[in-house]
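The values are calculated or read from the model by the stated rules, or taken from the named source; none is laboratory data. All figures in this text were calculated on a predicted structure; none of them were measured in a lab. Cβ placement follows ideal geometry from the backbone for every residue including glycine, while neighbour counts extend to all protein chains displayed. Quick note on the areas: whole protein, heavy atoms, side chains included, nothing else; ligands and nucleic acids left out. Shrake-Rupley method; radii C 1.70, N 1.55, O 1.52, S 1.80 Å.
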Amino acid sequence: MSSSFQAPKGVSEYVPPRADLLQAVRQRFAEQARLAGYGYLELAVFEDTNLFRRGVGESTDVVSKEMYTFTDRGGRSLTLRPEFTAGVLRAVLEHGLHKRGGLPVKVWTTGPAFRAERPQQGRYRQFYQLDLEAIGSEDPQVDAETIAIAWNWYRSLGLTRVRLLLNSLGCRECRPAYRARLQEFLRGLDLDEATRTRVEINPLRVLDDKRPEVRALLAEAPLVADHLCAACKTHHDRVRGLLSDLGIPWEDTPTLVRGLDYYTRTTYEFDHPLLGAQSGIGGGGRYDGLSEDIGGPPLPGIGFGLGLDRTLLALEAEQEEGEGAAFTAPPRCQVFGVALGEEAERRLFGLVAELRAAGVAADMAYGGKKLKGAMKDADRSGARYAVILGERDIAAGSVQLKDLAGGDQTAVPLTEIVTTLRERLAR
Ligand code: HAM
């Protein structure tokens with residue numbers, strides 16, 4: 001029987017073995033980020049509500065409809081982070097990382113984010129992101145570097161179906177004119193009330209409307225790609241050239257707009273075709289004015305947020321289709337100890353500790369279980385080997401080593417068992 005309580009609706013929770021896979025996926029990312037020179041941040045999970053209002057933007061769905069905002073006991077308005085970028089930039093400025101020289105500041109972080117969305121498969125109220133940011137450089141090589149880190153990580157997990165959808169949203173110089181043009185076009189269309197309001201508040205988001213009847217009306221809409229200033233166009237061409245050099249395929253997606261207001265120039269999404277409605281497994285882009293928006297100095301930046309929950313779903317979907325996404329978590333148990341009798345139990349407890357110290361994942365049956373029950377535990381543990389120790393083995397100074405898949409059993413001297421197991425497991 002479970003308790004009288006359940007996790008709140010829409011919270012994505014993970015338990016073993018899936019949580020082990022999630023953790024391995026995260027660790028693989030940590031490795032990629034380290035290799036590219038990104039340092040790790042551990043950040044506030046809640047922030048001053050105004051940080052998101054000013055950073056992410058009042059007109060976004062995230063800020064206007066989806067934030068978990070509360071007043072604390074001191075009367076301050078706080079919000080559980082709905083995304084990481086504003087908080088990362090806040091922390092970089094607060095800790096003066098940008099003053100230590102050597103821009104860009106390259107950092108990454110991970111953890112839960114919170115949005116009060118309608119929960120469904122792949123869309124949760126508490127979800128997990130990997131977030132990476134490079135702050136303080138306008139160089140298009142930084143754009144390409146960050147995209148490559150995400151791309152290589154997907155690849156290293158064995159994912160083969162990820163698509164990179166790429167666009168440029170222009171800058172604060174060229175976008176206002178484009179925005180006005182788009183608005184003029186949209187005002188001429190026969191749109192419903194809510195969409196007409198959106199035209200006035202956030203016209204670019206209208207381009208993202210998924211309804212076929214609206215999509216049809218938008219076929220002739222002016223595209224930002226045709227209205228970029230010379231500097232934005234050069235930047236965008238350079239990013240695309242660098243991605244080509246790195247062998248990363250992208251799809252120009254001139255209608256791609258993102259749900260957060262801070263984006264400028266390079267914007268992109270990673271899409272996975274097997275995930276249905278929630279196919280956006282990651283997204284990112286430049287935010288060259290965000291630092292000023294939150295009261296900091298001019299510091300251009302770029303980064304991404306990758307959805308861990310959806311990445312895991314993508315991995316499982318590809319594995320189900322037999323598409324060779326072979327990534328698995330490292331084993332939690334390679335060797336399982338079975339002791340028969342008290343003295344054997346005491347010895348085996350020591351042996352298991354020795355195995356762990358030697359880097360072998362080891363576990364044993366507790367509670368004085370009989371052979372049959374303990375062997376069941378051994379099978380259930382997923383271990384490749386069982387080491388079985390009885391009174392007679394102790395007398396002979398050996399232990400029984402059983403291959404749990406093949407069934408072979410041999411006696412190995414106790415003094416050699418750790419080395420023997422390490423050799424066998426390395427094969
Ligand atoms: P975002 O596109 O809002 O961007 O979120 C990034 C990713 O988080 C999405 O592609 C998706 O995989 C995942 N995600 C978002 N909402 C949910 C949800 N409710 N349930 C499950 N997964 C979700 C950002 O958050 C930006 N801060 C990314 C960024 C970093 N841009 C520049 N730097």
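Would you confirm whether any residue within the stretch 100-111 is within 18 Å of the chain's Cα centre (by Cα) and in a loop (DSSP other than H, G, I, E, B)?
no
Can you find even one residue in the stretch 153-165 that is of a type in the set (A, V, I, L, M, F, W, C), surrounded by 12 or more Cβ atoms within 10 Å (Cβ to Cβ) and in a helix (DSSP H, G or I)?
Checking the stretch 153-165: at least one residue is of a type in the set (A, V, I, L, M, F, W, C), surrounded by 12 or more Cβ atoms within 10 Å (Cβ to Cβ) and in a helix (DSSP H, G or I).
It is to be established whether one or more residues within the stretch 133-155 are of a type in the set (Gly, Ala, Ser) and within 12 Å of the ligand (Cβ to nearest atom).
The first filter runs over the stretch 133-155 and keeps only residues of a type in the set (Gly, Ala, Ser), leaving 134, 136-137, 144, 148, 150.
When the remaining residues are screened for being within 12 Å of the ligand (Cβ to nearest atom), the result is 134, 150.
Yes, the stretch 133-155 has at least one match.
For the stretch 65-80, which positions are open to solvent by 10 Å² or more (accessible area, probe 1.4 Å) and within 16 Å of the ligand (Cβ to nearest atom)?
Across the stretch 65-80, the qualifying residues are 65, 66, 67, 68, 80.
Out of the stretch 21-60, which residues are assigned to a helix (DSSP H, G or I) and open to solvent by less than 50 Å² (accessible area, probe 1.4 Å)?
21, 22, 24, 25, 29, 30, 32, 33, 49, 51, 52, 55
Is it true that residue 326 is surrounded by fewer than 23 Cβ atoms within 10 Å (Cβ to Cβ), away from the ligand (no atom under 16 Å from the Cβ) and of a type outside the set (S, T, N, Q)?
Yes, satisfied.
Among the residues of the stretch 253-273, how many are open to solvent by less than 10 Å² (accessible area, probe 1.4 Å), modelled with pLDDT of 95 or more and more than 8 Å from the ligand (Cβ to nearest atom)?
The qualifying residues number 5.
When the residues of the stretch 114-132 are filtered to those that are of a type in the set (A, V, I, L, M, F, W, C) and buried (at least 23 other Cβ atoms within 10 Å of the Cβ), which remaining residue is farthest from the ligand (Cβ to nearest atom)? Reasoning before the result, please.
The initial filter retains those residues of the stretch 114-132 that are of a type in the set (A, V, I, L, M, F, W, C), namely 114, 116, 127, 130, 132.
From what is left, the residues that are buried (at least 23 other Cβ atoms within 10 Å of the Cβ) are 130, 132.
Working: 130: 9, 132: 7 Å.
The qualifying residue farthest from the ligand (Cβ to nearest atom) is 130.
Considering 210, 233, which residue is of a type in the set (Lys, Arg), open to solvent by 80 Å² or more (accessible area, probe 1.4 Å) and assigned to a loop (DSSP other than H, G, I, E, B)?
On the way: 233 fails: assigned to a loop (DSSP other than H, G, I, E, B).
Within the list 210, 233, the selection yields 210.
Being part of a loop (DSSP other than H, G, I, E, B) and surrounded by fewer than 17 Cβ atoms within 10 Å (Cβ to Cβ) narrows it down to one residue among 373, 350, 368, 276; which is it? I'd like the intermediate steps shown before the answer.
Numbers: 373 fails: part of a loop (DSSP other than H, G, I, E, B); 350 fails: part of a loop (DSSP other than H, G, I, E, B); 276 fails: part of a loop (DSSP other than H, G, I, E, B).
Among 373, 350, 368, 276, only 368 is part of a loop (DSSP other than H, G, I, E, B) and surrounded by fewer than 17 Cβ atoms within 10 Å (Cβ to Cβ).
Hey, residue 159 hits all of (1) under 28 Å from residue 52 (Cβ atoms); (2) more than 11 Å from the ligand (Cβ to nearest atom); (3) aliphatic (A, V, I, L, M) but one; which does it fall short on?
(1)
Just checking, does the stretch 174-181 include any residue being in contact (Cβ under 8 Å) with a residue 60 or more places away in the chain and open to solvent by 20 Å² or more (accessible area, probe 1.4 Å)? Working first, answer last.
So in the stretch 174-181, the residues in contact (Cβ under 8 Å) with a residue 60 or more places away in the chain come out as 175.
Next cut, open to solvent by 20 Å² or more (accessible area, probe 1.4 Å) only: 175.
Within the stretch 174-181, one or more residues are in contact (Cβ under 8 Å) with a residue 60 or more places away in the chain and open to solvent by 20 Å² or more (accessible area, probe 1.4 Å).
Taking residue 189 and the conditions (1) open to solvent by 20 Å² or more (accessible area, probe 1.4 Å); (2) of a type in the set (A, V, I, L, M); (3) in contact with a Pro (Cβ under 9 Å, 6 or more places away or on another chain), which numbered condition does it fall short on, given that it satisfies the others?
Residue 189 satisfies all of (1) open to solvent by 20 Å² or more (accessible area, probe 1.4 Å); (2) of a type in the set (A, V, I, L, M); (3) in contact with a Pro (Cβ under 9 Å, 6 or more places away or on another chain) except (3).
Across the stretch 296-307, what is the total count of residues that are more than 8 Å from the ligand (Cβ to nearest atom) and either touching a residue at least 12 places away in the same chain (Cβ under 8 Å) or surrounded by 23 or more Cβ atoms within 10 Å (Cβ to Cβ) (or both)?
First, pick out the residues of the stretch 296-307 that are more than 8 Å from the ligand (Cβ to nearest atom): 296-300.
Still in the running and either touching a residue at least 12 places away in the same chain (Cβ under 8 Å) or surrounded by 23 or more Cβ atoms within 10 Å (Cβ to Cβ) (or both): 296-297, 299-300.
The number of residues fulfilling the criteria is 4.
Does any residue of the stretch 287-295 turn out to be open to solvent by less than 30 Å² (accessible area, probe 1.4 Å), assigned to a loop (DSSP other than H, G, I, E, B), more than 16 Å from the ligand (Cβ to nearest atom) and not hydroxyl-bearing (Ser, Thr, Tyr)?
No.
Rundown of residues vs (1) within 28 Å of residue 18 (Cβ to Cβ); (2) of a type in the set (Ser, Thr, Tyr), yes/no style:
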residue: 339; (1), (2): no, no
residue: 348; (1), (2): no, no
residue: 364; (1), (2): yes, no
residue: 371; (1), (2): no, no
residue: 381; (1), (2): yes, yes
residue: 388; (1), (2): no, no
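Give 337, 282 a once-over and let me know the one that is in a strand (DSSP E or B), within 9 Å of the ligand (Cβ to nearest atom) and crowded, with 21+ Cβ neighbours inside 10 Å.
Matching residue, one of 337, 282: 282.
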